[in-house]
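Engineer: Supplied in structure tokens, the structure appears directly below.
The values are calculated or read from the model by the stated rules, or taken from the named source; none is laboratory data. Small disclaimer: the values here were computed from a predicted structure and weren't measured. Note: ideal-geometry Cβ built from the backbone for every residue, glycine included; neighbour counts use all protein chains shown. For accessibility, only protein heavy atoms count, side chains too; no ligands or nucleic acids. Shrake-Rupley method; radii C 1.70, N 1.55, O 1.52, S 1.80 Å.
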Amino acid sequence: MVTAREVAQLCGVSVATVSRVFNRPATVSATTRERVERVARDLDFSPNESARALSRQQSAMVGLVWDTDHRRPGWRHPFLQDLLLGLKSALSSHGYHLLMLATSDDARDRHPGVSLADPIAYVSMTRRHHLAGLVLIDSGTDAEAFTAFAQSGLPCVALDVALSGPRATYVTSDNAGGAAAAVRHLASLGHRRIATITGPRGNAPA
């Protein structure tokens, strides 16, 4: 595998200059940058992503936190496929990749007093991986973990749960407006005895 040192030798520059070309290109002159990029392409050189993440203290990865507890649909949820495609498309267009971070309370059920879904542990893990941000999907049971993420200072976006923190926000549907529109439609057809089937009460869309 071609190394940054080999690229540097062929270009007549230092290894640090090669690193800056791929990590902080604005700090390198256009002539030098073009020469390094050309040699890198010819040699099929790719920067080490782990090293780059350490250097910049941030990777090109965005974590997706989703509950995989056996009592809930988790990854089998029909909504997830469309969500993943949308996230992947949007992130790819900005040079980012998606990393799955599955949480679960199964371990707590099997071993009372022990949880592998400790929210503080997950926050520490995201820092170790230098994740650029997090997308949090509400399952109705992750309030503690969501609060920990929101207060951690990591960039977070939650789906369908009101999240607040230094660098946290959320995206949600107009669930009440949608429900009202559905009832108005049924009422306009002459229906008067209308029932609703909901999901868990702690889940905002339900």
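Engineer: Applying the selection to the stretch 168-197, what residues are open to solvent by 70 Å² or more (accessible area, probe 1.4 Å), in a helix (DSSP H, G or I) and either in contact with a strand residue (DSSP E or B) (Cβ under 8 Å, 6 or more places away or on another chain) or not basic (Lys, Arg) (or both)?
Structural biologist: Correct list: 176, 183, 185, 188.
Engineer: Can you pull out every residue in the stretch 49-83 that is at pLDDT 60 or above, in a loop (DSSP other than H, G, I, E, B) and within 20 Å of residue 132 (Cα to Cα)?
Structural biologist: 59, 60
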